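The values are calculated or read from the model by the stated rules, or taken from the named source; none is laboratory data. Remember, predicted model here, so these are calculated numbers, not experimental data. All Cβ positions, even for glycine, are placed from backbone atoms using ideal geometry, and neighbour counts span all protein chains on display. With ligands, DNA and RNA removed, areas are computed over all heavy atoms of the protein, side chains included. Shrake-Rupley method; radii C 1.70, N 1.55, O 1.52, S 1.80 Å.
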Amino acid sequence: MSDQDEQPEHEQHFRVEGMVPTGDAIITARFDRDDSHTYDGYVSSGGYTALRKALTEMSAATVHNEIKLSEIQGRGGAGFPAGIKWGFLPEGVYPRYVVVNGDESEPGTYKDRMLMERDPHQLIEGTVLTCYAVDAAQAFLYVRGEMALAQERLAQALNEAYERNLVGRNVLGSDFSVDITLTWGAGAYIVGEETALIESLEGERGMPRLKPPFFPAVKGLYLQPTIVNNVETLANVPYIVNEGGQTFHDIGAPTSTGMRMFAVSGHVNRPGVFEVPNGVTTFRMLFEAPEYCGGVRDGRAIKAFIPGGASAPWFYEEHLDFPLDKPTVDKAGSMLGSGAIVVMDERTDVVAACWRIVRFFARESCGKCTPCREGTTWLERVLKRILDGAGRAEDLDTLLSVSENISPGLTFPPRQTTICPLGPSAVAPITSAIERFRDEFEHYIDHGVPKDGIDRHPITATGVPVHA
Amino acid sequence: MSRLTSTNISIAKEIIGRYPRPKSALIPLLHLSQEQNGYVTTEAMSHLAELLGLTPADVYGTATFYEMFKFEPVGQYCISVCTNISCQLLGAWELLEHAEARLGVKAGSTTDDGRFTLEDVECIAACTEAPAVQVNYRYRHCVTPAAFDQLVDDLSAGRLSEEVPPHGTLARVRQRTTAGWSGTATAQQATVDAL
Ligand SMILES: Cc1cc2nc3c(=O)[nH]c(=O)nc-3n(C[C@H](O)[C@H](O)[C@H](O)COP(=O)(O)O)c2cc1C
Ligand code: SF4
Ligand code: FES
């Protein structure tokens with residue numbers, strides 16, 4: 001198989017030139033090269049210079065300090081500053097581990113796969129630098145099971161890196177040694193949650209652990225101190241080491257530094273993945289800058305959009321002008337999450353959209369907590385019967401009261417009666433959709449069909465199995 | 001046939017050696033057995049238990065949590081159609097309806113000739129290329145009904161056998177534990193375990 005065969009179309013959709021109007025691409029800079037995934041391609045475009053620099057000129061503490069200065073926020077969902085997280089490792093406790101979270105499966109999210117397939121060496125360099133900074137002797141690259149090409153590219157890249165002594169014993173002749181183990185999952189969204197990922201890495205069912213006491217930095221893999229970071233977060237580390245934390249900090253918004261990858265999908269003319277400075281507005285990405293999405297398809301109005309993946313509460317037209325930086329989006333009641341913008345135009349069946357997201361959480365609940373296990377299944381069924389034309393007058397109250405049991409107060413960020421945030425995530429689309437589009441739910445319940453002007457989908461889904 | 005072959009036993013041992021604790025190798029080894037047999041057999045699970053010092057129930061308990069592991073034979077080609085939100089918005093259900101008609105099976109089942117299994121799956125991280133499909137975990141982007149038919153024709157005629165390996169095979173390049181392997185953390189962990 002040739003490597004190109006694997007990814008035909010998105011080449012056209014992913015526009016590299018001019019993708020960044022107000023800064024320079026950092027982690028996607030190599031994407032326009034055909035050989036970006038090879039050792040030669042990486043090295044001939046500046047790869048592994050950060051590692052050489054760190055091992056010859058910088059102490060571990062200096063590397064860590066640059067990351068702190070950069071104030072880079074985690075790109076996996078929660079947006080926690082990486083430099084601060086690394087500082088949580090208890091002093092003098094060994095072995096300690098670094099785990100790279102490449103389980104990308106939040107609906108709407110498409111960036112980590114791209115980074116792993118197209119620039120695997122960048123991730124490996126970022127991982128080695130991270131291990132150096134936090135004094136870990138082993139890292140695990142946990143790739144989502146379904147991503148065969150990403151696994152292949154990373155395996156190839158790791159073999160190349162080992163051969164050249166960029167990983168392994170006495171890296172580049174220094175006294176620093178580190179191993180990277182490529183490992184992979186087998187299909188379970190919840191394994192993206194860091195403590196579930198650790199369970200999975202221990203060979204267990206991927207069920208989250210209760211925090212406290214199981215904060216990975218203190219009690220992680222094999223109950224040893226463990227740093228878990230997202231792929232995109234660590235892909236930025238070589239740049240930060242090369243250019244300095246301050247340079248990174250100067251990009252983007254002061255409250256959300258650096259560039260960030262956003263996947264814009266749904267009803268736009270040109271969906272795509274873009275690396276843009278934090279703080280850009282959705283409006284700019286959707287409508288204004290010609291190199292991005294080219295507006296909503298067929299010139300239609302926007303009905304709603306999800307700013308940060310399926311777990312995030314929905315935004316509407318009035319939020320288009322909001323800069324995409326963490327405090328702004330948090331304050332407006334949603335989250336940047338995993339950089340996934342899903343656009344729904346005016347003909348969207350929001351009841352079906354809401355059902356589909358809830359069905360996802362119902363299918364993916366790990367089953368450990370009753371409110372999540374039972375509640376999400378229940379929510380899915382009620383929504384499905386509304387869609388099937390069998391809705392009942394009391395259904396909206398039922399939806400809200402089940403939601404209330406999973407996430408008391410229905411606030412965002414959510415309070416939770418569960419071990420992890422998956423359960424409350426199922427509630428976000430329900431409260432969003434009912435609050436804004438109650439009339440559409442009521443119309444479905446009264447007439448068994450959506451209002452005029454809504455596109456229906458021929459949904460043939462089978463029910464979500466009841467958990468044992 | 002169901003226990004790991006001697007070649008695969010060597011691969012398994014190399015994989016186990018990359019983790020501080022053997023049980024951590026369980027999911028990769030389940031994949032290895034699925035690669036060998038097309039699905040995870042009961043015998044294979046017992047063999048993995050032997051190799052890892054676990055009980056068959058430990059192995060079964062973990063394996064059944066994960067959707068990619070199949071415990072009965074599946075088609076030579078497992079076609080996964082994403083119907084999650086971004087794909088739903090751009091015609092995933094229409095595509096699935098078409099796929100069901102074309103293959104003559106409902107999502108979740110296998111054609112009589114054992115060639116195709118059709119699945120309705122969750123987001124596969126190709127949302128900007130909706131509707132997205134995988135065949136044995138190889139991507140197909142922006143799939144129209146016509147492109148789907150072409151795909152099925154090509155697979156049936158064996159035209160994609162280079163690109164799409166049989167069900168169970170994921171990466172075709174394996175990590176090698178080369179001479180550069182340092183083993184430091186594994187040694188550290190062994191010390192902790194002994195304490
Ligand atoms: C249900 C759930 C799913 C998650 N899925 C992912 C994921 O697929 N990838 C990821 O990097 N983080 C995911 N996270 C976030 C991780 O728990 C963790 O915060 C993150 O990997 C830390 O890396 P970061 O600080 O670099 O963002 C998920 C969290 C939850 C609650
Ligand atoms: S909230 Fe849901 S997914 Fe999370 S631990 Fe509880 S049951 Fe599992
Ligand atoms: S929603 Fe279909 S690939 Fe993400």
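Would you mind telling me which residue in B:Gln175, B:Gln76, B:Gln88 has the biggest mean-square fluctuation in a Gaussian network model of chain B, where springs connect alpha carbons within a distance under 10 angstrom? Greatest mean-square fluctuation among the candidates belongs to B:Gln175. Could you tell me which of rounded, prolate or oblate describes segment A:89-209, using a ≥ b ≥ c as the square roots of the eigenvalues of the alpha-carbon gyration tensor, with rounded for a/c under 1.5 and, failing that, prolate when a/b is larger than b/c and oblate otherwise? Oblate, because a/c is 1.5 or more while a/b does not exceed b/c. Of the trypsin sites (Lys or Arg not before Pro) found in segment A:395-443, none is in coil by DSSP with at most 10 other Cβ atoms within 10 Å of its Cβ. The antiparallel fraction among DSSP beta bridges confined to chain A stands at about 45%. What the phi angles of segment A:319-336 give under the Karplus curve with 6.51, -1.76 and 1.60, with θ = phi - 60°, is a coupling list of 9, 4, 7, 6, x, 7, 10, 4, x, 5, 5, 4, 5, 7, x, 9, 8, 6 Hz, glycine and proline written as x. Each residue of segment A:435-447 was assigned a 3J(HN,Hα) from its phi angle through the Karplus expression (A = 6.51, B = -1.76, C = 1.60, θ = phi - 60°), giving 4, 8, 10, 3, 4, 6, 5, 5, 5, 4, 5, 6, 10 Hz with x at Gly and Pro. Here's the picture: charge each Lys and Arg Cβ at +1 and each Asp and Glu Cβ at -1 in segment A:251-345, and of A:Ser265, A:Gly333, A:Ala301 the one pushed furthest to the positive end of that dipole is A:Ser265. For B:Lys70, the amide hydrogen comes within under 5 Å of the amide hydrogens of B:Val40, counting only partners 5 or more places away or on other chains and with H modelled in the peptide plane.
In the complete set of protein chains, residue-level accessible area for B:Lys106 is approximately 130 Å², probe 1.4 angstrom.
Potential lengthening of the chain between B:Asp154 and B:Ser10 amounts to 48.3 nm, from the contour at 0.36 nm per residue minus the alpha-carbon distance. Over the protein assembly as shown, accessible surface divided per residue gives 34 Å², non-protein components excluded, 1.4 Å probe. 3J(HN,Hα) along segment B:33-49: 5, 5, 5, 5, 10, x, 7, 9, 8, 4, 4, 4, 5, 5, 5, 4, 4 Hz, from the Karplus curve 6.51 cos²θ - 1.76 cosθ + 1.60 with θ = phi - 60°, whole Hz, x for Gly and Pro.
Considering segment A:208-314 at the alpha-carbon level, its Rg and Dmax are found to be 18.2, 54 Å. Total buried accessible area between A and B, probe 1.4 Å, nearest 100: 6700 Å². Using +1 at the C-beta of Lys and Arg and -1 at the C-beta of Asp and Glu, which of B:Leu195, A:Thr255, A:Phe361 has the Cα lying farthest in the positive direction of the dipole of the protein assembly as shown? Farthest along the dipole direction, towards plus: B:Leu195. Would you please state which residues of segment A:144-188 a label at A:Ser59 would reach in this model, taking the label point 7 Å out along Cα→Cβ and a backbone N cut-off of under 17 Å? Label zone hits: A:175-176. Inverting the pair-averaged 1/r between distinct Cα atoms of the protein assembly as shown gives 25.1 Å as its Kirkwood hydrodynamic radius.
In the structure shown, the pairs A:Lys326/A:Lys384; A:Lys68/A:Lys111; A:Lys303/A:Lys384; A:Lys111/A:Lys368; A:Lys451/B:Lys106; A:Lys68/A:Lys219 are assessed against 32 Å; a Cα-Cα span above that value is assigned to A:Lys326/A:Lys384. Along chain A, the longest continuous region that contains none of the GluC sites (Glu not before Pro) in a DSSP loop with at most 11 other C-beta atoms within 10 Å is A:92-393. For chain B, the spherically averaged projection of the C-alpha convex hull amounts to 13.3 nm².
The calculated 222 nm mean residue ellipticity attributable to helices in the protein assembly as shown amounts to -11500 deg cm²/dmol, summing -39500 (n - 2.57) over DSSP H runs of n ≥ 4 and dividing by all residues. For segment B:25-67, heavy-atom accessible area (probe 1.4 Å) falls by no less than 50 Å² from the chain alone to the full protein assembly at B:Ile27, B:Phe65, B:Tyr66, B:Glu67. Gain on full extension, evaluated as 0.36 nm per residue between A:Ala301 and A:Thr462 minus their Cα-Cα distance, stands at 54.7 nm.
In this calculation the C-beta distance from B:Arg115 to A:Asp321 is compared with R0 = 51 Å, giving a FRET efficiency of 0.45.
Hey, for a label at B:Arg176 modelled as a point 7 Å past Cα toward Cβ, could you say which residues of segment B:14-55 have their backbone N under 16 Å away? Under cut-off, by backbone N: B:14-15. For segment B:128-195, place one equal point scatterer on every Cα, skip the solvent, and apply the Debye formula. What is log10 of I(q)/I(0) at q = 0.24 Å⁻¹? Taken in order of the listed q values, log10 I(q)/I(0) reads -1.09. Classification of segment B:60-172 by its C-alpha gyration tensor yields a rounded form. The axis ratio a/c (a ≥ b ≥ c) stays under 1.5.
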